[in-house]
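In what follows, a single structure is set out as structure tokens and then discussed.
The values are calculated or read from the model by the stated rules, or taken from the named source; none is laboratory data. What you are looking at is a predicted structure, and each value in this text was computed from that prediction instead of being measured. In this analysis, Cβ positions are derived from the backbone assuming ideal geometry, glycine residues included, and neighbour counts consider all displayed protein chains. Quick note on the areas: whole protein, heavy atoms, side chains included, nothing else; ligands and nucleic acids left out. Shrake-Rupley method; radii C 1.70, N 1.55, O 1.52, S 1.80 Å.
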Amino acid sequence: MTTPAFHGIVPPILTPLTEDGAVDIASLERLTGHLVEAGVHGLFVLGSTGEVAYLTDEQRGQVLRTVVRVVAGRVPVMAGTIDLTQARVIEQARAAVTAGVDAVVATAPVYAINDLAEVEAHFRAVAAAVEVPLFAYDIPVRVRTKLPVELLVRLGAEGVLAGVKDSSGDDVGFRRLVAANAAAGSPLALFTGHEVVVDGMLLLGADGVVPGLGNVDAAGYVRLWELARAGQWAQARAEQDRLAALFEIVFQAAGRSGDAAGVGSFKVAAHAQGLIDSPVMAAPVRALDGEAAERIAGIVREAGLVRA
């Protein structure tokens, strides 16, 4: 098996939906093509930004097959295999591999309350069930389990894990993970999920970023990556500051759920750019509209991302 080089800017692609809640295949094709043409280094399908928890198995399959077809091998495709228990995660992982993805991404079990020994057994079982690399998705806000540095590095050194997508919000923990990984010979590819501290995370040694805001300004994140790689840190900070100003879109829906404010704002922004046909969210989440949507569209226009 040839393992793709997992690094750089890997947006967690949105799942566009029609007014009746079906996967909007045409919009997904358009968005996928746009992201690849912007120069991203991979795509993460069926993550939190892709509303994976709300999609049926049939819809997940539609999304996977569409993205893999449009990408056509130009960049690696990573697929979230998020589900309640080990058996269901393995089922999702095998389906993703059949669809043609290059890696699978799994959290600790979502509904089952497992201790760390059981979480370790879970990752070992998922890795053994598929013949593509497995990434651990560290997102304790969703699963209540913070994956320990020692566990992640040990599973990386043993070849169980190929990398980590860190969405823990624990920047101290991420720095410790980077240091421990380096001390062990860097067995893991380490990605931050933070949109607004990418410059700092790349400076300390992250291998890449999975930014939901990358759906809105993929080219900006690619520029940031290239500046960081060139050691042009002042320019990288300026680009990060610009992206941080754009990230204000997620704060325009006070009182709404986290999914509506975050993913919903990305969808409104992508819709304003013509990348997707509708900002519809998966039920029961309501799409952002009215003044909130107008403010988001205004921020996107001010950033120069809406074609005249």
- [ ] Those residues that are farther than 14 Å from Gly8 by Cα, under 21 Å from the mean Cα position of the chain (by Cα) and open to solvent by 80 Å² or more (accessible area, probe 1.4 Å), I need them from region 225-261; list them, please.
- [x] Asp241, Glu248, Phe251
- [ ] Kindly indicate which of Arg242, Arg256 is out of contact with any Ser or Thr (no Cβ under 9 Å at 6 or more places or on another chain), among the basic types (Lys, Arg) and under 14 Å from Val196 (Cα atoms).
- [x] Arg242
- [ ] Being crowded, with 23+ Cβ neighbours inside 10 Å, of a type outside the set (Gly, Ala, Ser) and under 17 Å from the mean Cα position of the chain (by Cα) is the filter; apply it to region 162-187 and report the residue that is farthest from Tyr137 (Cα to Cα).
- [x] Phe174
- [ ] Please find, within region 203-224, the residue that is farthest from Gln273 (Cα to Cα) out of those that are open to solvent by less than 20 Å² (accessible area, probe 1.4 Å), in contact with a helix residue (DSSP H, G or I) (Cβ under 8 Å, 6 or more places away or on another chain) and of a type in the set (A, V, I, L, M, F, W, C).
- [x] Ala206
- [ ] Mind telling me which of the residues Leu152, Leu224, Leu190 ends up being assigned to a strand (DSSP E or B) and either under 30 Å from Val130 (Cα atoms) or modelled with pLDDT of 95 or more (or both)?
- [x] Leu190
- [ ] Please enumerate the residues belonging to region 267-292 that are in a helix (DSSP H, G or I) and open to solvent by less than 20 Å² (accessible area, probe 1.4 Å).
- [x] Lys267, Val268, Ala269, Ala270, Ala292
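For (1) assigned to a loop (DSSP other than H, G, I, E, B); (2) under 20 Å from Asp217 (Cβ atoms), each residue gets a yes or a no:
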site	(1), (2)
Leu35	no, yes
Gly39	yes, yes
Arg65	no, no
Ile82	yes, no
Arg94	no, no
Task: Only listed residue being under 26 Å from Ser278 (Cβ atoms), open to solvent by 40 Å² or more (accessible area, probe 1.4 Å) and of a type in the set (Ser, Thr, Tyr), chosen from Thr49, Thr56, Thr66 - done: Thr56
- [ ] Considering every residue within region 127-146, establish whether at least one is modelled with pLDDT of 95 or more and of a type in the set (Ser, Thr, Tyr).
- [x] yes
- [ ] Within region 69-77, identify whether any single residue is within 29 Å of Leu288 (Cα to Cα), of a type outside the set (Val, Ile, Thr) and either crowded, with 24+ Cβ neighbours inside 10 Å or at pLDDT 95 or above (or both), and answer yes or no.
- [x] no
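Specify the residue that is farthest from Val196 (Cα to Cα); the eligible residues are those in region 6-30 that are hydrophobic (A, V, I, L, M, F, W, C), open to solvent by 10 Å² or more (accessible area, probe 1.4 Å) and in a loop (DSSP other than H, G, I, E, B).
If we filter region 6-30 for residues that are hydrophobic (A, V, I, L, M, F, W, C), which is where we start, we get 6, 9-10, 13-14, 17, 22-23, 25-26, 28.
Filter once more, keeping what is open to solvent by 10 Å² or more (accessible area, probe 1.4 Å): 6, 22-23, 25-26.
From the residues that got through so far, the ones that are in a loop (DSSP other than H, G, I, E, B) too are 6, 22.
Working: Phe6: 21, Ala22: 32 Å.
Within region 6-30, the match that is farthest from Val196 (Cα to Cα) is Ala22.
Looking only at region 131-139, decide whether some residue is in a loop (DSSP other than H, G, I, E, B) and over 19 Å from the mean Cα position of the chain (by Cα). Steps first, answer last, please.
First, the residues of region 131-139 that are in a loop (DSSP other than H, G, I, E, B): 131-133, 139.
Filter again for over 19 Å from the mean Cα position of the chain (by Cα), leaving 131.
Checking region 131-139: at least one residue is in a loop (DSSP other than H, G, I, E, B) and over 19 Å from the mean Cα position of the chain (by Cα).
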- [ ] Could you tell me whether any residue of region 189-200 is out of contact with any Gly (no Cβ under 9 Å at 6 or more places or on another chain), among the aromatic types (Phe, Trp, Tyr) and either touching a residue at least 24 places away in the same chain (Cβ under 8 Å) or under 24 Å from Ala38 (Cα atoms) (or both)?
- [x] no
